[in-house]
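Enquirer: Please see the structure below; I have some questions.
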Amino acid sequence: MLDCAIIGGGPAGLTAGLYATRGGLKEVVMYEMGMPGGQITQSSEIENYPGVFREDPPLTGMDLMEPWPAQCMHFGMRHEMKEVRQVRRKGEIFEVDLGTESVEAKTVIVCTGSTPRRAGFKGEDEFFGRGVSTCATCDGFFYKDKEVAVLGGGDTALEEALYLANICSKVYVIHRREQFRAAPPTVERAMKNEKIEFILNASIDEAFGDMTGLQGVRIVFNDGREPMTLEVPGLFVFVGNNVNNKVLLQDDGSFLCDVNEQGQVIVDLNMHTSVPGLYAAGDLRIEAAKQVVCAAADGAIAGMQALHHVQEMNS
Ligand code: FAD
Ligand code: NAP
């Protein structure tokens, strides 16, 4: 039986593995269906992870994550490149379903992250990471004193538009309705911001550019206005997030532990879920800051808590 099964090998899962094994757990396996590193490996430039700043050439997400797995494995963590289908409770322990086999574990740390939704316009995938972004904290600075566009009318879109307005010369908010899903005070603040211009009843028809990246977007209106072109090197898409919580879904449609309305896993400050021995860390938990440094910190806490739990079970 495993002491700890970690699901997901992004910054949260890898750090959980480091702390669990270095703290003394022997049987620790991290199930990561792809290469370890997580979603940050898609980023062409990361400059907000403390202590590793590099200007020329810029540090990529891949550069940042490359040494993490070896460090974990040095302390005994094992990586299996497998997709976890489901985690079930079996008395006081857990059963991790890998499809062809099931593995028992005393503790489970779920670190499966979240996936920003795509809006679905032409060119979105082609220019993703080359002008189209889903992270203003990560990429906003690349557009310092330049004009950018934001797509969406929820809290994330308007809050991130306000954040971008501190960096960029102008922020166009493109939203498909006149009403906003965002909280009224946030809408009011965005409306009052002189750098933010709203383009409402509007959708993006196409993002265009060349080998160097995004050059602009074509906008269509649902109120009969003529289509328009906006020349911007940066477009931030905030049309909601999918939490990767599938592994917690049980056969009867319930979740193994408590989740909120968005499906984010409810944890306390120690990353404990509502089920003893089950932890969640990183982007899939409630109130996640969705930053590498925060996911890593969550993983460290969860790894230490799993260690305590196993020590108590063994005593
Ligand atoms: P993830 O990194 O999402 O890792 C989850 C892992 O779980 C994935 O590798 C996935 O393959 C695996 N997984 C999922 N389901 C299963 C399953 N069933 N079985 C096995 N494995 C599974 N943050 C910053 O701090 N600075 C930045 O500059 C920055 N830039 C970004 C740029 C981009 C383009 C993106 C997409 C994100 C960026 N972020 C940045 C955010 C950062 O990447 C995330 O906050 C962070 O990676 C979250 O870590 P995590 O470990 O919680 O999840
Ligand atoms: P959200 O509330 O689901 O809003 C998504 C926005 O994107 C909506 O305005 C939606 O338009 C638009 N949209 C969806 N699909 C689209 C598409 N294909 N093309 C164009 N536009 C599209 O998502 P969110 O803003 O990420 O927020 C998620 C949750 O977190 C919410 O509950 C939110 O309140 C919460 N949150 C809270 C805070 C805070 O409290 N400070 C901050 C951030 C997030 P429609 O409105 O027309 O559907």
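All of the numbers you see were taken from the coordinates with simple rules; none came from a lab. A quick note: this is a predicted structure, and the numbers were derived from the prediction, not measured. For neighbour counting, all protein chains shown are included, and Cβ atoms are generated from backbone atoms with ideal geometry for every residue, glycine included.
Enquirer: Among all stretches of the chain without exposed GluC sites (Glu not before Pro) (DSSP loop, at most 12 other Cβ atoms within 10 Å), which one is longest?
Expert: Maximal segment without exposed cleavage sites: 102-177.
Enquirer: Right, something else. At q = 0.11, 0.13, 0.16 Å⁻¹, what base-10 log of I(q)/I(0) does the Debye formula yield for the chain when every alpha carbon is treated as an equal point scatterer in vacuo?
Expert: Treating every Cα as an identical point scatterer, log10 I(q)/I(0) equals -0.73, -0.94, -1.21.
Enquirer: Grab the other residues whose beta carbon is less than 9 angstrom from that of residue 227, score K and R as +1, D and E as -1, and report the net.
Expert: 0
Enquirer: Oh, and also: Of 60, 120, 6, which is farthest towards the positive pole of the stretch 1-125's charge dipole, taken about the Cα centre with +1 and -1 on the beta-carbons of Lys, Arg and Asp, Glu respectively?
Expert: With unit charges placed on the Cβ atoms, the residue in question is 6.
Enquirer: Let me ask something else. Roughly speaking, what is the centre-to-centre gap between the stretch 148-214 and the stretch 1-79 when only Cα atoms are used, to the nearest Å?
Expert: About 33 Å separates the Cα centre of the stretch 148-214 from the one of the stretch 1-79.
Enquirer: Using the count of nearby Cβ atoms within 10 Å as a rough guide to exposure, how do 180, 53 rank from fewest to most?
Expert: So the residues, fewest neighbours to most, are 53, 180.
Enquirer: Ok, one more. Given 0.36 nm per residue, what is the gain on full extension from residue 70 to residue 163 after removing their alpha carbon distance, in nm?
Expert: 29.9 nm
Enquirer: Largest first, please: the extent of the C-alpha atoms of the stretch 118-237 along each principal axis, to the nearest Å.
Expert: On the principal axes, the stretch 118-237 reaches 40, 35, 22 Å in Cα extent.
Enquirer: Then there's this: How many nm is it between the label spots at residue 176 and residue 52, if each spot is 7 Å from the Cα in line with the beta carbon?
Expert: 3.7
Enquirer: Turning to a different aspect of this structure: So what is the 222 nm mean residue ellipticity for the chain from helices alone, if each DSSP H run of at least 4 adds -39500 (n - 2.57) and you divide by all residues, rounding to the nearest 500 deg cm²/dmol?
Expert: -6500 deg cm²/dmol
Enquirer: Now for a separate question. To the nearest 0.05, what FRET efficiency results for residue 270 and residue 144 with a Förster distance of 30 Å applied to their C-beta separation?
Expert: Calculated value: 0.20.
Enquirer: Okay, moving on. Label points 7 Å out from Cα along the Cβ direction at residue 115 and residue 80: separation in nm?
Expert: With each label point 7 Å from Cα toward Cβ, the separation is 2.3 nm.
Enquirer: Can you put 134, 107 in order of Cβ neighbours within 10 angstrom, beginning with the fewest?
Expert: In order of increasing Cβ crowding within 10 Å: 134, 107.
Enquirer: May I ask for the net charge around residue 57, where only other residues with Cβ less than 11 Å from the Cβ of residue 57 are counted and Lys, Arg are +1 while Asp, Glu are -1?
Expert: Neighbourhood net charge equals -3.
Enquirer: Working from Cα positions, state the angle (0 to 90°, nearest 10) between the long axis of helix 155-165 and the longest principal axis of the chain.
Expert: Orientation of helix 155-165: about 60 degrees from the principal axis.
Enquirer: Which Cys residues of the chain have no other Cys beta carbon under 4.7 Å away?
Expert: 4, 72, 111, 168, 257, 294
Enquirer: For a test of the definition: using alpha carbon positions, the gyration tensor, and the 1.5 limit on a/c, classify the stretch 260-315 as rounded, prolate or oblate. Each step should come with its number before you reach the end.
Expert: Details: a/c = 3.71, a/b = 1.56, b/c = 2.37.
Here the stretch 260-315 falls in the oblate category.
Enquirer: To continue, here is another question. Taking amide hydrogens as modeled 1.01 Å from N in the peptide plane, which residues meet the under 5 Å criterion relative to residue 183, leaving out close sequence neighbours?
Expert: Hits under the 5 Å cutoff: 155.
Enquirer: Can you list the trypsin sites (Lys or Arg not before Pro) in the stretch 64-124 that are in a DSSP coil and have 15 or fewer other beta carbons within 10 angstrom?
Expert: Loop-located and lightly packed - 85, 117, 118.
Enquirer: Follow-up. Suppose we keep just the DSSP beta bridges with both residues in the stretch 23-130; what percent of those would be antiparallel, to 5?
Expert: Values: 9 of 12 bridges.
DSSP beta bridges in the stretch 23-130 are roughly 75 percent antiparallel.
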